[in-house]
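Asker: I am attaching a structure below and will ask some questions about it afterwards.
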Amino acid sequence: MADNTVYRASTTAPVNIAVVKYWGKRDAKLNLPTNSSLSVTLAQSDLRTLTTASCSATYPEGDTLILNGEPSDVSGARTQACFRELRARRAALEAADPSLPKLSTMPLRIVSENNFPTAAGLASSAAGFAALVRAIANLYELPASPSELSLIARQGSGSACRSLFGGYVAWRMGEKADGSDSLAVQVAEASHWPEMRALILVVSAAKKGVSSTSGMQQTVATSGLFKERIATVVPKHMEAMEKAIKERDFATFAEITMRDSNSFHATCADTYPPIFYMNDVSRAAIRAVEQINDAAGRTVAAYTFDAGPNAVIYYLEQDTDIVVGTLYSVLGAGIDGWKQSIVESLKQPAVTLDEAVAGLLKGGVSRVIMTGVGEGPQKTDEYLVAEDGTPVKR
Ligand SMILES: Nc1ncnc2c1ncn2[C@@H]1O[C@H](COP(=O)(O)OP(=O)(O)OP(=O)(O)O)[C@@H](O)[C@H]1O
Ligand SMILES: C[C@@](O)(CCOP(=O)(O)OP(=O)(O)O)CC(=O)O
């Protein structure tokens with residue numbers, strides 16, 4: 001009898017923001033990096049991808065993806081690599097146990113939603129590919145560990161491999177040519193250092209100019225400074241950062257975070273022709289963090305920037321008053337994203353920022369996102385594909 005069943009599985013997956021940056025590929029096809037990297041997974045109560053993977057023999061030929069309500073191309077090599085690897089693992093299970101339904105032969109229908117702007121430099125590809133891989137692995141009931149799945153997600157987007165874990169996560173660059181040792185591992189659970197917070201200043205929600213993929217290729221090909229970064233700077237940062245996290249040493253965590261962001265953006269400026277991701281507003285955010293730290297008399301905040309102008313500011317919960325209070329007093333209640341319960345209880349008088357810095361931030365920050373360290377992908381019974389296989393409209 002024909003199997004008309006619609007099989008489905010759903011997961012959420014988090015965004016991660018690196019504190020030691022991945023920038024450079026040694027193998028573009030397998031997405032193998034030139035250096036290890038380390039990130040903080042952000043809470044899914046604030047930023048997350050929700051993905052339902054489904055398959056059915058009744059679906060028309062060909063795998064499909066609907067992203068934020070719109071059909072999205074799956075023919076790209078990266079998405080194809082994820083589908084191929086996951087199918088091969090399912091096919092192996094089916095070969096070993098012929099009583100299993102032949103899901104590996106059925107078309108996939110995937111529906112996904114990001115609750116934040118796609119391709120705005122907010123690491124949508126990281127959460128997106130982590131969710132895609134985790135959802136299909138759940139659908140196929142693969143026994144793979146998160147590190148094994150990170151090998152697959154890495155081929156979708158490098159930074160995605162780190163979103164398969166919560167807390168503090170390292171992507172070990174590995175050495176092998178086939179990439180089998182280039183995977184993510186958890187350095188510490190979120191609960192090891194749960195006070196970690198992130199305040200994201202959204203400077204521009206527009207699509208960025210130079211994609212990470214092509215930007216890093218240009219850097220590898222043309223920057224001399226980059227060679228120094230991967231040979232000495234990053235290995236030193238990785239070691240110091242892992243130690244700082246284990247010891248919950250915020251001052252060191254913050255210094256390495258800021259130095260590594262600066263080093264990454266310096267290699268972008270040293271790329272020929274140069275790549276500029278930060279703008280005047282981003283640089284004002286750097287000055288604001290410095291002025292807050294000076295006024296506090298210790299390091300209470302750290303900035304970091306990915307391949308775009310948005311600032312991510314890490315701080316500890318106990319320093320909310322000085323960090324959030326200062327930025328709230330400059331940016332005002334008029335922009336979206338402030339958590340009322342937090343801004344209503346701010347006590348300490350804020351730091352007075354330099355007028356030029358305050359002016360740039362006020363004019364250039366369009367919204368904020370308040371979040372913190374969080375957990376890895378979560379299985380859910382919220383489905384974006386109905387029982388009969390139709391995509392759910394929301
Ligand atoms: N939920 C999703 N499911 C599958 N793919 C997704 C999802 N969200 C994003 N993507 C893929 O990621 C691409 C966006 O990645 P891109 O690297 O341009 O931006 P970004 O991830 O926001 O920035 P960055 O990685 O540099 O921080 C989308 O075009 C899409 O192909
Ligand atoms: C600056 C970064 O955010 C770069 C992220 O690059 P991607 O993971 O988006 O690149 P691809 O592997 O080509 O998809 C730093 C980081 O997240 O480590």
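Asker: If a residue must be under 15 Å from A288 (Cβ atoms), surrounded by fewer than 12 Cβ atoms within 10 Å (Cβ to Cβ) and acidic (D, E), how many such residues does the range 320-358 contain?
Answerer: 1
Asker: Continuing with the same structure: Give all pairs with beta carbons closer than 9 Å in which a residue from the range 306-328 that is in contact (Cβ under 8 Å) with a residue 24 or more places away in the chain and in a strand (DSSP E or B) meets a residue that is among the acidic types (D, E) and within 14 Å of ligand 2 (Cβ to nearest atom); count only pairs at least 6 apart in sequence or on separate chains.
Answerer: These pairs meet every condition: V312/D306.
Asker: Return only the number of the condition from (1) modelled with pLDDT of 95 or more; (2) over 21 Å from E70 (Cβ atoms) that L384 does not satisfy.
Answerer: With (1) modelled with pLDDT of 95 or more; (2) over 21 Å from E70 (Cβ atoms) applied to L384, the lone miss is (2).
Asker: What number goes with the only condition from (1) surrounded by 15 or more Cβ atoms within 10 Å (Cβ to Cβ); (2) in contact with a helix residue (DSSP H, G or I) (Cβ under 6 Å, 6 or more places away or on another chain) that I245 does not pass?
Answerer: With (1) surrounded by 15 or more Cβ atoms within 10 Å (Cβ to Cβ); (2) in contact with a helix residue (DSSP H, G or I) (Cβ under 6 Å, 6 or more places away or on another chain) applied to I245, the lone miss is (2).
Asker: Exactly one of (1) within 16 Å of ligand 1 (Cβ to nearest atom); (2) at pLDDT 95 or above is unmet by F116. Its number?
Answerer: (2)
Asker: Let me ask something else. If you check Y272 against the conditions, is it more than 16 Å from ligand 1 (Cβ to nearest atom), within 21 Å of Y22 (Cα to Cα) and touching a helix residue (DSSP H, G or I) at 6+ places or on another chain (Cβ under 7 Å)?
Answerer: When the stated conditions are applied, Y272 passes them.
Conditions tested, residue by residue: (1) free of Cβ contacts under 8 Å to residues at least 12 places away in the same chain; (2) within 24 Å of the chain's Cα centre (by Cα); (3) over 14 Å from V330 (Cβ atoms).
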site	(1), (2), (3)
G364	no, yes, no
V373	no, yes, yes
K379	no, yes, yes
G389	no, no, yes
K393	no, no, yes
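Asker: Any residue that is within 16 Å of ligand 1 (Cβ to nearest atom), over 17 Å from the mean Cα position of the chain (by Cα) and more than 30 Å from S104 (Cα to Cα) - is there at least one of those in the range 187-203?
Answerer: Yes, the conditions are met somewhere in the range 187-203.
Asker: Which residue pairs have Cβ atoms under 7 Å apart, sit 6 or more places apart or on different chains, and have a first residue in the range 178-204 that is at pLDDT below 95 and a second that is outside any loop (DSSP other than H, G, I, E, B)?
Answerer: Close Cβ pairs (under 7 Å, with a partner that is outside any loop (DSSP other than H, G, I, E, B)) amount to V202/R367; V202/V368; V202/I369; V203/V281; V203/S282; V203/A311; V203/G364.
Asker: Search the range 343-381 for residues being part of a loop (DSSP other than H, G, I, E, B) and among the small types (G, A, S), and hand back the single one that is modelled with the lowest pLDDT.
Answerer: Taking the candidates together, the pick is A350.
Asker: Just the residues that are β-branched (V, I, T) and in contact with a Gly (Cβ under 8 Å, 6 or more places away or on another chain), please, taken from the range 352-383.
Answerer: Result: V368, I369, V373.
Asker: Out of curiosity, is G174 of a type outside the set (S, T, N, Q) and either touching a Pro at 6+ places or on another chain (Cβ under 9 Å) or without any contact (Cβ under 8 Å) to a residue 24 or more places away in the chain (or both)?
Answerer: yes
Asker: Something else about it: Could you please give the count of residues in the range 143-160 that are within 12 Å of ligand 2 (Cβ to nearest atom) and under 13 Å from A131 (Cα atoms)?
Answerer: Selection size over the range 143-160: 6.
The values are calculated or read from the model by the stated rules, or taken from the named source; none is laboratory data. None of the values given here were measured: they were computed from a predicted structure. Every residue, glycine among them, receives a Cβ derived from its backbone with ideal geometry; neighbour counts consider all protein chains shown.
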